[in-house]
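S.K.: Encoded as structure tokens, here's the structure I'll be asking about.
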Amino acid sequence: MKIKVRRYHPHFEPKSIYMDYDIEPGKTLLENLNLIKERKDATLTFLQGCRSGVCGSCAVRVNEKEVLACAYEPKDGDVIEPLSVLDVIRDLVVDMNGSLKTLKRAQAYLHTNSGAVMSEEDERLIQRQSDCILCHSCYSSCPVFETNGNFLGPFALSRAYRYVADVRESDKKDIIDAVVKDGIYDCTLCGNCTEVCPMGIDPKNDILMLQSWASRFGYTNPNMGSFGSFGLEF
Ligand code: SF4
Ligand code: SF4
Ligand code: FES
């Protein structure tokens with residue numbers, strides 16, 4: 001069995017090539033990448049941490065679909081590439097710094113704690129978003145980034161919703177104000193992010209929930225007006 005791995009080096013010409021490697025069946029992609037590195041090509045560069053689907057560092061694309069390398073068993077002919085949209089540093093390693101800054105721009109944190117006591121149901125409602133392992137798979141799958149590099153994107157918006165939905169947060173409007181520009185109304189609701197998330201988080205739904213909260217604070221979806229040109233009435 002063989003896989004193709006996209007190699008990238010900023011100082012080589014060509015910078016990017018695809019190389020074939022033999023793999024061993026019954027092992028994860030990450031185990032196979034480690035075997036390739038140990039036995040065949042020490043220069044192969046990739047990220048790893050927990051090796052058990054917890055740290056989010058090993059996300060790559062296989063046949064153009066985002067997966068955690070430590071949770072995926074490769075098949076003959078698979079094409080392995082780095083995450084999309086983000087700048088490639090070397091081989092399968094991408095620069096995540098820019099997208100991590102979106103958490104700050106989205107103000108995805110508790111602003112003012114009202115002291116309200118959370119019920120078990122309150123906790124359950126924000127538990128899923130808190131499970132994010134920052135693997136960046138959702139960013140890689142998001143088509144909006146191709147046209148707007150400033151888009152806040154799925155995990156920052158999902159995390160922002162987690163705090164808007166937190167019963168202890170008494171400054172919900174501040175968070176909503178932060179996610180309107182390059183945020184909740186730029187999303188096309190394609191659902192790619194939800195489909196690829198290894199933690200079962202649903203950023204598309206969280207963005208819809210943020211839109212609903214935004215309407216409570218007087219915002220209207222600018223995209224809804226365009227339906228008027230097709231003669232639709234609401
Ligand atoms: S649903 Fe929105 S945030 Fe998610 S991938 Fe599609 S455009 Fe991006
Ligand atoms: S929301 Fe899911 S896909 Fe996106 S970074 Fe978090 S764990 Fe990864
Ligand atoms: S190595 Fe931690 S999620 Fe894969």
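S.K.: Which shape class, rounded, prolate or oblate, goes with the chain when its Cα gyration tensor gives a ≥ b ≥ c as root eigenvalues, a/c under 1.5 marks rounded, and past that a/b bigger than b/c marks prolate?
M.R.: Since a/c reaches 1.5 and a/b is larger than b/c, the shape of the chain is classed as prolate.
S.K.: What is segment 50-126's relative contact order, in percent, from Cα pairs under 8 angstrom and six or more apart in sequence?
M.R.: Relative contact order, segment 50-126: 18 percent.
S.K.: If I build a Gaussian network model for the chain, linking alpha-carbon pairs within less than 10 angstrom, which residue out of Gly191, Gly115, Gly56 has the largest mean-square fluctuation?
M.R.: Of Gly191, Gly115, Gly56, the Gaussian network model singles out Gly115 as fluctuating most.
S.K.: Quick one: putting +1 on the C-beta of Lys and Arg, -1 on the C-beta of Asp and Glu, what dipole do you get for the chain around its Cα centre, in Debye to the nearest 20?
M.R.: I would put it at about 380 debye.
S.K.: Please express the shape of segment 24-153 as an equivalent ellipsoid: the semi-axes are the square roots of 5 times the eigenvalues of the C-alpha gyration tensor, given largest first in whole angstrom.
M.R.: Sorted largest first and rounded, they come to 32, 19, 13 Å.
S.K.: Further question: If the label point is 7 Å along Cα→Cβ of Met224, which residues in segment 167-204 have backbone nitrogen under 13 Å from it?
M.R.: Once the point is set 7 Å along Cα→Cβ of Met224, 185 turn out to lie under 13 Å by backbone N, inside segment 167-204.
S.K.: Relative to the present Cα-Cα distance, how much length would full extension add between Ser170 and Cys190 at 0.36 nm per residue of separation?
M.R.: Value of the extension gain: 4.1 nm.
S.K.: Give the calculated FRET efficiency between Leu125 and Asp177 to the nearest 0.05, with a Förster radius of 25 Å applied to their Cβ-Cβ distance.
M.R.: Calculated transfer efficiency: 0.70.
S.K.: Could you work out the relative contact order of the chain, using alpha carbon pairs under 8 angstrom and six or more residues apart, expressed as a whole percent?
M.R.: Relative contact order of the chain: 17 percent.
S.K.: Hey, what's the Cα Rg ratio for segment 1-87 versus the globular rule of thumb, 2.2 N^0.38 Å?
M.R.: Against the empirical 2.2 N^0.38 Å value, I get 1.03 for segment 1-87.
S.K.: Please find, in a Gaussian network model of the chain (springs between Cα atoms separated by less than 10 Å), the residue of Ser140, Ser114, Ser212 whose mean-square fluctuation is greatest.
M.R.: Looking only at Ser140, Ser114, Ser212, the largest GNM fluctuation is found for Ser114.
S.K.: Would you mind checking the pairs Lys101/Lys204; Lys4/Lys101; Lys104/Lys181; Lys2/Lys40; Lys4/Lys65 and listing those with alpha carbons more than 23 angstrom apart?
M.R.: Lys4/Lys101
S.K.: Can you tell me the order of 154-164, 121-131, 80-90 when each peptide is scored by its average per-residue count of other Cβ atoms within 10 angstrom, highest first?
M.R.: Descending packing order for the listed peptides: 154-164, 80-90, 121-131.
S.K.: Follow-up. With the contact rule set at Cα under 8 Å and sequence spacing of 6 or more, what percent relative contact order holds for segment 97-216?
M.R.: 35
Quick note: the coordinates plus some simple rules give every number you see, no bench work behind them. Here the structure is a predicted model, which is why all the values come from computation and not from measurement. Every residue, glycine as well, gets a Cβ built from its backbone with ideal geometry; the counts of neighbours run over all protein chains shown.
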